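Note sheet for the following structure.
Bear in mind these aren't lab numbers, they're just calculated from the coordinates by the rules spelled out. Everything numeric in this text was worked out from a predicted model, so none of it was measured. For neighbour counting, all protein chains shown are included, and Cβ atoms are generated from backbone atoms with ideal geometry for every residue, glycine included.
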Amino acid sequence: MQPSMLEELVPVPNPYPVVSEVLYPEVWQLCEQARNLAWDPFKDIDYSDLEKADLPPEVRAAGGEWWSLRAWMEHGAIPYGAERLREAIFDHQPFEIKQHITNFIAEELRHHEVSFRIAKALGGYEPTPRADYFKQIIPRFHDEKDEKAMSFFAGLSVNTLFEQLSGELLQARYENARFSSIKEACRLVLRDESRHIQFGRIIMRRFFGELSDEEKVVIGAKFAKKLRGSLLNGVYAVVNLPEDERERAGRNRALAAEYGLGATHPEEEIDIIRRGVDKIRKDVGQYGVEIPCIPEIDDSRGLIPPHQAVE
Ligand SMILES: [Fe+2]
Ligand SMILES: [Fe+2]
């Protein structure tokens, strides 16, 4: 072989050599569980209860909008996951980390699929966001610049904190669901999410002890920024939306919740998020990571003066 050909075979960044050795047995265990607990949004759920249900057209439209939004947001995890996979490959992370991220991408894709299948069965699927604020918010949902400001494992664990929060909301939506298709979808998504959260706990245990003070501050700040900037802007709750959209989207969510379509009433959402953030603060607090004040959540209970709020 010509030496020049060898050079062509070894591009930079270089994924070789491949080392097949398990360094994180707990992560590998999650990978095995993922294999055993795989499910198919098309074959494993019968959506005909939604097609046949006697629901007023405005309720179908509200449920369709809600589940379309869920679909878009689940999809937000795909570009994020792809970037992490790329990093894991070229940084030579152990193969179980690459396997977990690959599973994560596939699982988020099936969450996306089950959500749009529900929206379709309700007759209200929106293939792409209609409302202006969704068009503006969704592309900003994930900012690689924020991600790259953290080390690989710190970034992964911040993402896990959001999975934890969305798990809390999903639990409430599971409890709200009165249709077996939606209930089953929520149950299966929650089962996947609990594995994603478990992954975060494993890496937090392994890496948070070694974080520098600077990185701890960055993690807290990134968490608060993402929560305020996108998740309270219609994704987890409608609180930060422009007034008219807040009313419109809030009304639709309330309607979907009233009919048991696996939604949460806008008034419940902030309480759920607040309880979730309390738990997260406790979880990361033991490692010296502090989550700054989030006025939408903290001000209303009057524990933290607003001047401490972080933009
Ligand atoms: Fe998901
Ligand atoms: Fe997830």
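Quick look at the numbers
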quantity: Test set (1) more than 16 Å from ligand 2 (Cβ to nearest atom); (2) in a helix (DSSP H, G or I) - Ala263 fails condition number; calculated: (2)
quantity: Checklist (1) surrounded by 19 or more Cβ atoms within 10 Å (Cβ to Cβ); (2) more than 30 Å from Asp54 (Cβ to Cβ) applied to Ser115, failing item; calculated: (2)
quantity: Of the criteria (1) surrounded by fewer than 22 Cβ atoms within 10 Å (Cβ to Cβ); (2) hydroxyl-bearing (Ser, Thr, Tyr); (3) under 19 Å from Gln164 (Cα atoms), which one Thr264 fails; calculated: (1)
quantity: Test result for Ala53, within 16 Å of ligand 1 (Cβ to nearest atom), more than 16 Å from Phe116 (Cα to Cα) and out of contact with any Cys (no Cβ under 6 Å at 6 or more places or on another chain); calculated: no
quantity: Check on Ile89, away from ligand 1 (no atom under 14 Å from the Cβ), part of a helix (DSSP H, G or I) and under 15 Å from the mean Cα position of the chain (by Cα); calculated: no
quantity: Top-ranked residue of the range 177-218 - restricted to ones that are surrounded by fewer than 17 Cβ atoms within 10 Å (Cβ to Cβ) and small (Gly, Ala, Ser), ranked as farthest from ligand 2 (Cβ to nearest atom); calculated: Ser212
quantity: Members of the range 29-85 that are away from ligand 2 (no atom under 15 Å from the Cβ) and aliphatic (A, V, I, L, M); calculated: Ile45, Leu50, Ala53, Leu55, Val59, Ala61, Ala62, Leu69
quantity: Qualifying residue in the range 210-226 (condition: in a helix (DSSP H, G or I), in contact (Cβ under 8 Å) with a residue 24 or more places away in the chain and within 16 Å of ligand 1 (Cβ to nearest atom)); calculated: yes
